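**Q** I'd like to ask you about the structure that follows.
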Amino acid sequence: GQMHDYVPDFIIRLKTSPPSHLILETKGYDPREEVKRAAAERWVAAVNADGTYGIWRYALAKKTTEVSALIDAAAR
């Protein structure tokens, strides 16, 4: 799958310096999880290598209780 057929659950703009973004997926079981993760990680690597769009990260939360820790980690 290409990134153009993939829409993440959330894109979070972090008030870091420089500004950064977190692509956050919230999922229980998803049979396409590995394909989506690989596509998102390739996209993040390409955008970060380009350098003109700030810093991007990807995270997957299996449980809602993981969300705040993932955001905190991305902001560091």
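The values are calculated or read from the model by the stated rules, or taken from the named source; none is laboratory data. Source: prediction; values computed, not measured. Backbone-built Cβ (ideal geometry, glycine too); neighbour counts: all protein chains shown. Heavy atoms of the whole protein, side chains included, go into the accessibility calculation; ligands, DNA and RNA do not. Shrake-Rupley method; radii C 1.70, N 1.55, O 1.52, S 1.80 Å.
**Q** Only one of these is under 16 Å from Ile12 (Cβ atoms), in a loop (DSSP other than H, G, I, E, B) and touching a helix residue (DSSP H, G or I) at 6+ places or on another chain (Cβ under 9 Å): Tyr58, Tyr53. Name it.
**A** Being under 16 Å from Ile12 (Cβ atoms), in a loop (DSSP other than H, G, I, E, B) and touching a helix residue (DSSP H, G or I) at 6+ places or on another chain (Cβ under 9 Å) holds for just one of Tyr58, Tyr53, which is Tyr53.
**Q** What is the number of the single condition among (1) open to solvent by 40 Å² or more (accessible area, probe 1.4 Å); (2) modelled with pLDDT of 90 or more; (3) of a type outside the set (A, V, I, L, M, F, W, C) that His21 does not meet?
**A** If we test His21 against (1) open to solvent by 40 Å² or more (accessible area, probe 1.4 Å); (2) modelled with pLDDT of 90 or more; (3) of a type outside the set (A, V, I, L, M, F, W, C), just (1) comes out false.
**Q** State whether one or more residues within the range 25-35 are within 13 Å of the chain's Cα centre (by Cα) and of a type in the set (A, V, I, L, M).
**A** Checked against the condition, which is being within 13 Å of the chain's Cα centre (by Cα) and of a type in the set (A, V, I, L, M), the range 25-35 yields no hits at all.
**Q** Shifting gears a bit: Out of the range 18-42, which residues are of a type in the set (Lys, Arg), in contact with a strand residue (DSSP E or B) (Cβ under 7 Å, 6 or more places away or on another chain) and outside any helix (DSSP H, G or I)?
**A** Lys27
**Q** Looking at Val7, is it in a loop (DSSP other than H, G, I, E, B) and among the aliphatic types (A, V, I, L, M)?
**A** Details: in a loop (DSSP other than H, G, I, E, B): yes; among the aliphatic types (A, V, I, L, M): yes.
Answer is yes for this residue.
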